[in-house]
2 protein chains.
Amino acid sequence: MASLTIIDIAKICGVGVTTVSRAINNHPDISEETKQMIMKVVRENNYVPNNNARNLKRTASKTIAVLIKGLNNPFFIRMIDLFEKGIKDKKYSFILHQVYEDQDEIEVANELIKEKKLKGIIFLGGYLSHSKEKLDQLTVPYVLCTVGLSSDFDHYNYSYVSIDDYAESYKMVDYLCKLGHTKIALISAKMRDRSIGQLRYLGYKQALEDNGIALDEQLVRPMKAHLESYSMENGYAVTKEMLEQGIDFTALFAISDSMAIGASKALLESGRSIPEDCSVAGFDGLDMAYYYHPSITTIQQPAAEMAEEAIKILFDLIHKKVTHVQKKFSATLIERPSTGKASR
Amino acid sequence: MASLTIIDIAKICGVGVTTVSRAINNHPDISEETKQMIMKVVRENNYVPNNNARNLKRTASKTIAVLIKGLNNPFFIRMIDLFEKGIKDKKYSFILHQVYEDQDEIEVANELIKEKKLKGIIFLGGYLSHSKEKLDQLTVPYVLCTVGLSSDFDHYNYSYVSIDDYAESYKMVDYLCKLGHTKIALISAKMRDRSIGQLRYLGYKQALEDNGIALDEQLVRPMKAHLESYSMENGYAVTKEMLEQGIDFTALFAISDSMAIGASKALLESGRSIPEDCSVAGFDGLDMAYYYHPSITTIQQPAAEMAEEAIKILFDLIHKKVTHVQKKFSATLIERPSTGKASR
């Protein structure tokens, strides 16, 4: 199981070490024929050049990390591929690092910066409610990608890509109101949420108001704190509880597609039809929302564009072309059979 | 944005560098009171110890990588968390590295071993059909976890955890036969697959034979090569094609839950009922299969036990307690409303 060295390769080929090195590094001072012969041996023996200086340079000084909070969110998984490809295209190496729900991403980032000598960071998912002082301790450029920012946060000091959570939530609730619904349940974020969840709640509230519908607090249901955030299980539990309590609603808006699926299951299981008895709408634009039956109306986030822009901003920060960039993308309401006119 | 050094912390605390070091490293020669005071300053300033020797030891010599092929497979995502926790519990650091469908995992592994000085590898997902010579080039211990092994592979030379794909597939098809189904469609692996996909196909074939049902080749449908393997999209496309061709079947078994969901969508969209017109069964035991409506009958793999065992084997290999360990786990057929008695 011992791995070959460049000396072994040279011996097998019957040439000097320098010649092998020239072949591997595509040096001009070597005949095409010799190069082909050496590279054949390199391939057959699965030899990996182990130039320490080069490795050090590559691994120690040109790494970018994506810190993800919410690895089981299918929406983020799609973005990871795009980040990895984009970062490798720039000849940087890529590290994917998971941050758990109870961990502080800034602390995790600071440790990684020192340990892996990072050149930049993309934060994907989660919430930031840290003080400016704490964020300023980050010693490398970073971009926040669909990270929730607390409402009292000074947004203009940071670089981020996101959608306008307030406006997109407003769009969905306004659409449900225009279908004639007046009793619209909301599965919202946990109570302490002061970012994405709050913005989507405020969009809901404003759309009701603009449609002349009084806010009914018993229709606003935060996801359960003891269950995984934004999950199918959570949407299911919240909806089941509402049904058991006999709460009356003709439409339900869950602030993630996964929760909308869980909510649909609870409704269908109880014998209700979608959308005849209750319309259901989600948020994110997951494949799953389409394959569910009936397919679920959702707000589709432009994941690919957002990932590309995050990388562009990060490299502009690294090369000091910009200081801060904020970019909010438009999302699209996709109307599907899970929503229909209110029947009562 | 400059980060603090141990000297800065010592200055702030009004103590010597050695005292700070003792506090951080939990050394006995320091009073509890002084330690508390220093650790408060450390925390407030978000100071991360940067002892090069220690970092080198930690990052350069005690890292285990999980190489995953199929990051968008929700079944694997559940396992990653378990791997990360298990590896960190052993005081090793953890790297998650994605292998793309068109990449050779052994080559990727060899590069990572040199670059990150790995101590061990867990291969998660994908197929291995490499020669013994090629696998023997891996210079660190490794465990294959739910990796497909080609049928001509000498299994006893390698360590792996898996389920018995042949037996579990047999179990599901036998169950469908016992419900009275004789026209059972199979959404199988791609044509060139010689591992998991082949085993599940052979289990299907044998169960039909043992139930006195002739194999009908037009009911065996490999997933589409141009679409993502095992995906909802793939199951949908294959099923839609069968329906358009007017193929007659009363049950459908897809070798992944995601494909079973896609297949269900194609059936429901065409106006058929599940299970009245067609029973649907999947494989894996994803949450999604439960939340689909109707909930989908599946083979539940014991993901947590498999992940734990893979880690145990890897550390036993690292500590040279064992040479090879193969462990096949039993999976469970979970009967749900998507399957019922054949009505014709």
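The values are calculated or read from the model by the stated rules, or taken from the named source; none is laboratory data. Since the structure is predicted, the reported quantities are computational estimates derived from the model, not experimental observations. Using ideal geometry, Cβ is built from the backbone for each residue, glycine included, and neighbour counts are taken over all protein chains shown.
Among the listed residues B:L314, B:L243, which satisfies the condition of being in contact (Cβ under 8 Å) with a residue 12 or more places away in the chain, in contact with a Gly (Cβ under 6 Å, 6 or more places away or on another chain) and more than 14 Å from chain A (Cβ to nearest Cβ)?
Among B:L314, B:L243, only B:L314 is in contact (Cβ under 8 Å) with a residue 12 or more places away in the chain, in contact with a Gly (Cβ under 6 Å, 6 or more places away or on another chain) and more than 14 Å from chain A (Cβ to nearest Cβ).
Give me the residue from segment A:253-272 that is of a type in the set (S, T, N, Q) and at the interface with another protein chain (Cβ under 10 Å from one of its Cβ atoms) and, out of that set, farthest from A:R336 (Cα to Cα). Walk me through it before giving the result.
Applying the first criterion (of a type in the set (S, T, N, Q)) to segment A:253-272 yields A:256, A:258, A:264, A:270.
Then keep just the ones that are at the interface with another protein chain (Cβ under 10 Å from one of its Cβ atoms); that gives A:258, A:264.
Numbers: A:S258: 16, A:S264: 14 Å.
The residue in question is A:S258.
Being modelled with pLDDT under 95, over 17 Å from A:A167 (Cα atoms) and surrounded by fewer than 17 Cβ atoms within 10 Å (Cβ to Cβ) is the filter here; which residues of segment A:319-341 pass it?
A:H319, A:K320, A:K321, A:V322, A:T323, A:H324
Where residues in segment A:196-215 are crowded, with 19+ Cβ neighbours inside 10 Å and touching a helix residue (DSSP H, G or I) at 6+ places or on another chain (Cβ under 8 Å), which of them is nearest to A:G148 (Cα to Cα)?
Per the stated criteria, the residue is A:I196.
For residues that are within 14 Å of chain B (Cβ to nearest Cβ), surrounded by fewer than 18 Cβ atoms within 10 Å (Cβ to Cβ) and in a loop (DSSP other than H, G, I, E, B), tally how many sit in segment A:134-150.
Summing the residues that are within 14 Å of chain B (Cβ to nearest Cβ), surrounded by fewer than 18 Cβ atoms within 10 Å (Cβ to Cβ) and in a loop (DSSP other than H, G, I, E, B) in segment A:134-150 gives 2.
What strands (runs of 3 or more DSSP E) completely inside segment A:217-316 contain at least 3 residues that are buried (at least 21 other Cβ atoms within 10 Å of the Cβ) and of a type in the set (A, V, I, L, M)?
Numbers: elements: A:220-222, A:251-254, A:279-281, A:298-300.
In segment A:217-316, the matching strands (runs of 3 or more DSSP E) lie at A:251-254.
For segment A:105-119, how many residues meet the condition of being touching a residue at least 24 places away in the same chain (Cβ under 8 Å) and on the phi < 0 side of the Ramachandran plot? So that I can check it myself, show each step before the final result.
As a first pass, look at segment A:105-119 and keep what is touching a residue at least 24 places away in the same chain (Cβ under 8 Å): A:105-106, A:108-110, A:112-113, A:116-119.
Remaining after also requiring on the phi < 0 side of the Ramachandran plot: A:105-106, A:108-110, A:112-113, A:116, A:118-119.
Result for segment A:105-119: 10.
For segment B:89-132, which residues satisfy the criterion of being within 11 Å of chain A (Cβ to nearest Cβ) and part of a helix (DSSP H, G or I)?
Scanning segment B:89-132 gives B:I106, B:E107, B:V108, B:A109, B:N110, B:E111, B:L112, B:I113, B:K114, B:E115, B:K116.
For segment B:62-83, which positions are outside any helix (DSSP H, G or I) and at the interface with chain A (Cβ under 7 Å from one of its Cβ atoms)? Walk me through it before giving the result.
Taking segment B:62-83 and keeping what is outside any helix (DSSP H, G or I), we get B:62-73.
Of everything in segment B:62-83, those that are outside any helix (DSSP H, G or I) and at the interface with chain A (Cβ under 7 Å from one of its Cβ atoms) turn out to be B:L71, B:N72.
Check off (1) in contact (Cβ under 8 Å) with a residue 12 or more places away in the chain; (2) over 21 Å from B:I334 (Cβ atoms) for B:I299 and give me the number that stays unchecked.
Of the numbered conditions (1) in contact (Cβ under 8 Å) with a residue 12 or more places away in the chain; (2) over 21 Å from B:I334 (Cβ atoms), the odd one out for B:I299 is (2).
Show the residue pairs that are 6+ apart or on different chains and have beta-carbon atoms under 7 Å apart, the first residue being within segment B:226-238 and closer than 20 Å to B:F249 by Cβ, the second being assigned to a loop (DSSP other than H, G, I, E, B).
Cβ pairs passing all conditions: B:N234/B:M223; B:N234/B:K224; B:N234/B:L227; B:N234/B:E228; B:A237/B:K224; B:A237/B:L227; B:V238/B:M223; B:V238/B:K224.
For every residue, the table says whether it meets (1) outside the structural domain of A:M259 (by TED's automatic domain parsing); (2) modelled with pLDDT of 80 or more; (3) of a type outside the set (S, T, N, Q).
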| position | (1), (2), (3) |
| --- | --- |
| A:C13 | yes, yes, yes |
| A:S21 | yes, no, no |
| A:E32 | yes, no, yes |
| A:A60 | yes, no, yes |
| A:I64 | yes, yes, yes |
| A:I68 | yes, yes, yes |
| A:N72 | yes, no, no |
| A:M79 | yes, yes, yes |
| A:F83 | yes, yes, yes |
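Could you please give the count of residues in segment A:161-216 that are part of a loop (DSSP other than H, G, I, E, B) and at pLDDT 95 or above?
Count: 11.
Is it true that B:A2 is part of a helix (DSSP H, G or I), modelled with pLDDT under 80 and either basic (K, R) or exposed (fewer than 13 other Cβ atoms within 10 Å of the Cβ) (or both)?
no
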